[in-house]
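A short write-up of the structure that comes next.
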Amino acid sequence: MRRWAWMLGGLIVWTVHFMGVYAIASLADVVSRADDPAWRMAGLAFSAVCLLAAVAITAWAARRLRRRTDPSTGFGDQLSLLGGGVATVAIVWQTLPTVIGY
Amino acid sequence: MNSETGFDPALYDRFPTAGERPAGELEDLEKAWCGPRGWEWITAINNNFVGVYYVGAAMLFFVLAGTLAVLMRTQLAVPMNGFLPQETYNQFFTVHGTMMMFLFAVPAVEALGVLLLPQMLGARDLPFPRLSAYAFWAYLIGGLAFFASLFFGLAPDGGWFMYPPLTSVAWSPGINADFWLLGIGFIEISAIAGAIEIIVGVLRTRAPGMTLDKLPVFAWAMLIFAGMIIVAFPSIILSTLLLEVERALGWPFFDPLKGGDPLLWQHLFWFFGHPEVYIIFLPAAGAMSTIIPAMARTPLVGHRLVVLAMLATGFISFGVWAHHMFTTGMPTISTSFFSAASMAVSVPAGVQVFAWIATVAAGRMRFSTPGLFVLGGLTIFVMGGLTGVMVAMVPFDWQAHDSYFVVAHLHYVLIGGMVFPMFAAIYYWLPMTSSRPLSERLGKGVFWLMFAGMHLTFLPMHLTGLMGMPRRVYTWLPDRGWEWPNLISTVGAFVFAAAVLLWIIDMARNFRPFGGRDAGNVFDGPGLEWLPTGLYSVRSIPVVRSLYPLWDQKGLARDVEAGRYFLPNTATGERETIVTSTLNAEPQYLQRMPKPSAWHVWAAVFTAAFFLLLTVKAYWPSVVCGVLGLYCILQWCWFLDRPMAMKTADIGAGITVPTYASGPSSHGWWAVVITLVVAGMVAALMGFSYVFLWSRNPADWAPPPGLSSMAWVVAGNAAAAGLAWLACRSLRLARPRSGAVAALMMAAAAALIVGAWAGDLDAWLATGLRPEVDAQGSTVYALLAWQGFFAAVVALMGLYAVLRWLAGHLVAERPSTCDLIALFIVYSAGQGTSATLLTRLFPGG
């Protein structure tokens, strides 16, 4: 299960992010307003944490791929690298409504 | 290569073995895997039979639902037409959509998996063939009963997504809506059973050496598809349960007058409904990624990117459900998040499309029927994808919502993304299944008629939609400019129907009981499914060293057929397959496969009868059928986990593996864990419903019972989990009374789960909260009812453990039954504790 989590790490972070920003906005809607500035900042902070996690996975996977000695063992790391990369771009994209308005 | 399980990969070098195989081996294999005779075809469980039945039934439902579509288009051909009465039309469009989505699209791709995966993975069969057969019979009986409701005027008429309040008792009295709610809930259980089979099959029964980078892309697609079913389908099961309970017992989940909210239905439905689109699309995309390289005679360009794109589609599909709800008044920032996610989903789909185009460009494409269908599907899907990006934009969606534009969009996506690939798959793989190819001449006719009919029908609908024609109207007024587009759409529907008719003729011709049957690998396919096979699948299970083994491993078919690889015989004299590890597919143990019996068929019949009788409110006969169904399932389980004559077996070239496994390395453990993930999803979504309804009216929420009763509930559940764990440990001590101690501990654990649940229920009853009064009551008692169901199952399991011990089947050498019951008890304890903590502490007093 650990190796599956590693392979799918970036995509898992992406999922946590898009569920999280929606949950934060919904919670804000109950407590005050969905677009309340303080809650938007909370959403932004959450996005930053997710982005860092996605970048870290990408960087770590790239490092592992550079250091590998057996070319047949790279599939999981490649998947992790690609997934982390996709997650990085997607998190930035889905944070834009918070950053630039909507 | 690093070993995952301690197996030495150097042992693969012993294959292919040299020399002749002993005489009689093949005959033994044929005897163990003999086909059904006479009426035994009903009880057959081999994927060669069940897979064909399954695909056949799915295509039958496609034809039936398509017939309804043609009748609907006839009604809509001209303004103010009287061909179909309004009520009949409403039933037709509801049943058409429901059958296409629930009885054709998902089961068809699941069926394709059941049919193809064993051969594609080099397994004798999938690990739970009886479960596949049960899922098929449940689906067939439930589906036919659902369709038959049309003939009695009892068919549902609230649209395929059954929004309340239209489907509440006030607006939909009678049992029409109940047919949908109970029928679909039941059929989805069958889909989940199939998904469990596919996940465990792909992860645990691959040919040795088939590491994840050599896993066929279709198998990847089926794995992701099945995983998505496990996460998404609990949502539809829960929503149908809640609406049915509201209709039958008056618990107000969706009634705003009592604190419910119809939007809860939309959230639950679309959390299932949008991933459903990708659940349908991904296996079809997997088929495209398999067929295109074969037809273009070159490896798939960007294989790893395609795998990643499918995984990414699987994940992001759960983040776009609310784009079906842009017009419901959600906060603007929330719609912006979902709009962004909906546009992002086109990226992984685009990766696959470009990979297919690049493969076609890189190879030498053959424009035979499967080739035409994949290219046609690609074209249609891209067109549907483009309108998908349009409706992902909130302002455009506001204009196009509930208009014929959306009807055009969804049909382009589903027909291009699923129907055309399905036909490509049928034309491509049928020679493998029936040993006889379909007609190329007729096939090309089918393609061109279908391609033309599809565009004629749905392209004008973009215009009718933009001109303001709403969907789901049984007729329309003249002089609105909709005459020509509607007439053309109707003509197109008939052209499409002609294509399907021609295909039926071709299929009837193909399955004729006379003539030659030696098609072989007609398209020079590179996958293991094109190896020569019998009812036992491949004669010997090859070592896989390439993603395209038949292209890259020279002489593979000859050596496999000569029995020079793994398991060239029946090592134990019974039906069996090799279970391998999840990542590197290293041989772990030999699984004994079940033989045909009637128990699963009777179980399916009684389960279907239980739901059908419940729908028509025949409660006592329904209870009787439920008990009989349960008895059949227990009979089926009773013959599992029996003694093995041999503890180890030679699976070829002197390599021996155990014939039994328990715990996380066993296939049964995986199946139970996946089942519990389904249960956990239902519970989590029920928790979401509780919080969601609280957020609608937080001031109306009453204080929960005192914390002292909560402590007892938590302590009872914790003690049950501890006892279940201790029962497993004590059984493994292998002392003379280990079985008795384990059985009694298990029974005590079950009693504690029941006691904790009863304590929780009692505490809530004492507060005066009632389920029919308000939303807090309905959600709290729904959580209690769900836990009560688990408490009942756990009680049954405790009794089962005692019976197994009395029959001498609870022994240290075979701890699987004990492990699996313990797993279930630990989960139930966790679920009960979580529900209690949620309802007692949130929002608290």
task: Determine which member of the set B:A322, B:A294 is within 11 Å of another protein chain (Cβ to nearest Cβ) and in a helix (DSSP H, G or I).
output: B:A322
- prompt: Under the condition of being crowded, with 22+ Cβ neighbours inside 10 Å and not aliphatic (A, V, I, L, M), which residue from the range A:1-31 is nearest to the other protein chains (Cβ to nearest Cβ)?
  reply: A:F18
task: Taking B:L26 as the residue in question, decide whether it is in contact (Cβ under 8 Å) with a residue 60 or more places away in the chain and among the aliphatic types (A, V, I, L, M).
output: yes
message: Scan the range B:612-628 and tell me whether some residue there is of a type in the set (V, I, T), in contact (Cβ under 8 Å) with a residue 40 or more places away in the chain and touching a helix residue (DSSP H, G or I) at 6+ places or on another chain (Cβ under 6 Å).
response: yes
- prompt: Can you pull out the residues in the range B:562-583 that are more than 14 Å from chain A (Cβ to nearest Cβ) and either outside any loop (DSSP other than H, G, I, E, B) or under 31 Å from the mean Cα position of the chain (by Cα) (or both)?
  reply: B:F566, B:L567, B:E574, B:R575, B:E576, B:T577, B:I578, B:V579, B:T580
message: Residues that are over 17 Å from the mean Cα position of the chain (by Cα) and assigned by TED's automatic domain parsing to the domain that holds B:P370: does the range B:270-283 have at least one?
response: no
- prompt: Cβ-Cβ below 8 Å, separation at least six or inter-chain, first residue in the range B:681-692 and within 12 Å of B:S834 (Cα to Cα) and touching a residue at least 12 places away in the same chain (Cβ under 8 Å), second surrounded by fewer than 20 Cβ atoms within 10 Å (Cβ to Cβ) and among the aliphatic types (A, V, I, L, M): which pairs?
  reply: B:G687/B:L838
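Give B:V741, B:V713 a once-over and let me know the one that is within 12 Å of B:C818 (Cβ to Cβ), among the β-branched types (V, I, T) and over 34 Å from the mean Cα position of the chain (by Cα). Spell out how you get there, then give the answer.
Working: B:V713 fails: within 12 Å of B:C818 (Cβ to Cβ).
Result: B:V741 is the single residue among B:V741, B:V713 that is within 12 Å of B:C818 (Cβ to Cβ), among the β-branched types (V, I, T) and over 34 Å from the mean Cα position of the chain (by Cα).
For the range B:706-718, indicate whether the set of residues that are under 28 Å from B:E197 (Cβ atoms) and away from every other protein chain (no Cβ under 14 Å) is non-empty. Quick ask: steps written out before the conclusion?
Step one: list which residues in the range B:706-718 are under 28 Å from B:E197 (Cβ atoms), which gives none.
No: the range B:706-718 contains no residue that is under 28 Å from B:E197 (Cβ atoms) and away from every other protein chain (no Cβ under 14 Å).
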Failed item, numbered, when A:A45 is tested on (1) more than 9 Å from every other protein chain (Cβ to nearest Cβ); (2) hydrophobic (A, V, I, L, M, F, W, C); (3) outside any helix (DSSP H, G or I): (3)
task: Filter the range B:796-816 for residues that are crowded, with 23+ Cβ neighbours inside 10 Å and more than 11 Å from B:A743 (Cα to Cα) and give the result.
output: B:P815
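Out of all the residues in the range B:435-448, is one or more within 27 Å of B:L535 (Cβ to Cβ) and β-branched (V, I, T)? Lay out the reasoning, then the answer.
Our first condition is that a residue be within 27 Å of B:L535 (Cβ to Cβ); within the range B:435-448, this holds for B:435-439.
Checking which are β-branched (V, I, T) leaves us with none.
No, that holds for no residue.
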- line: For B:A649, the lone unmet condition from (1) hydrophobic (A, V, I, L, M, F, W, C); (2) in a strand (DSSP E or B); (3) surrounded by fewer than 15 Cβ atoms within 10 Å (Cβ to Cβ) is (3)
- line: Given (1) more than 12 Å from chain B (Cβ to nearest Cβ); (2) at pLDDT 95 or above; (3) farther than 28 Å from B:L203 by Cα, A:A54 misses just (3)
query: Would a scan of the range B:137-159 turn up a residue that is touching a Pro at 6+ places or on another chain (Cβ under 7 Å), assigned to a helix (DSSP H, G or I) and of a type in the set (V, I, T)?
result: no
query: Applying the selection to the range B:704-734, what residues are without any contact (Cβ under 8 Å) to a residue 24 or more places away in the chain and either part of a loop (DSSP other than H, G, I, E, B) or buried (at least 17 other Cβ atoms within 10 Å of the Cβ) (or both)?
result: B:L726, B:S730
message: Of everything in the range B:332-362, what is in a helix (DSSP H, G or I), more than 9 Å from every other protein chain (Cβ to nearest Cβ) and within 27 Å of the chain's Cα centre (by Cα)? Give them in sequence order.
response: B:S342, B:S346, B:A349, B:G350, B:V351, B:Q352, B:V353, B:A355, B:W356
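It is to be established whether one or more residues within the range B:502-518 are in a loop (DSSP other than H, G, I, E, B) and buried (at least 16 other Cβ atoms within 10 Å of the Cβ).
No, there is no match, as no residue in the range B:502-518 is in a loop (DSSP other than H, G, I, E, B) and buried (at least 16 other Cβ atoms within 10 Å of the Cβ).
Residues in the range B:260-290 that are of a type in the set (D, E, K, R) and either more than 12 Å from B:A232 (Cβ to Cβ) or assigned to a loop (DSSP other than H, G, I, E, B) (or both): how many?
Of the residues in the range B:260-290, 1 are of a type in the set (D, E, K, R) and either more than 12 Å from B:A232 (Cβ to Cβ) or assigned to a loop (DSSP other than H, G, I, E, B) (or both).
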- request: Please give the number of the condition B:G680 fails out of (1) within 26 Å of B:A766 (Cβ to Cβ); (2) in a helix (DSSP H, G or I).
  value: (1)
- request: Could you please let me know if B:S368 is crowded, with 23+ Cβ neighbours inside 10 Å and not hydrophobic (A, V, I, L, M, F, W, C)?
  value: no
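Can you tell which of B:L456, B:L438 is outside any helix (DSSP H, G or I) and either farther than 22 Å from B:A111 by Cβ or of a type outside the set (G, A, S) (or both)?
On the way: B:L456 fails: outside any helix (DSSP H, G or I).
Going through B:L456, B:L438 in turn, the sole match is B:L438.
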message: Kindly evaluate B:G525 against the criterion of being in contact (Cβ under 8 Å) with a residue 12 or more places away in the chain and surrounded by 20 or more Cβ atoms within 10 Å (Cβ to Cβ).
response: yes
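Looking at this structure, is B:L60 under 20 Å from the mean Cα position of the chain (by Cα) and assigned to a helix (DSSP H, G or I)?
Details: under 20 Å from the mean Cα position of the chain (by Cα): yes; assigned to a helix (DSSP H, G or I): yes.
Considered against the rule, which asks whether it is under 20 Å from the mean Cα position of the chain (by Cα) and assigned to a helix (DSSP H, G or I), B:L60 comes out as yes.
The values are calculated or read from the model by the stated rules, or taken from the named source; none is laboratory data. Since the model is a prediction, treat every value here as computed from it, not as a measurement. Heads up, the Cβs are rebuilt from the backbone with ideal geometry, glycines too, and the neighbour counts pull from every protein chain shown.
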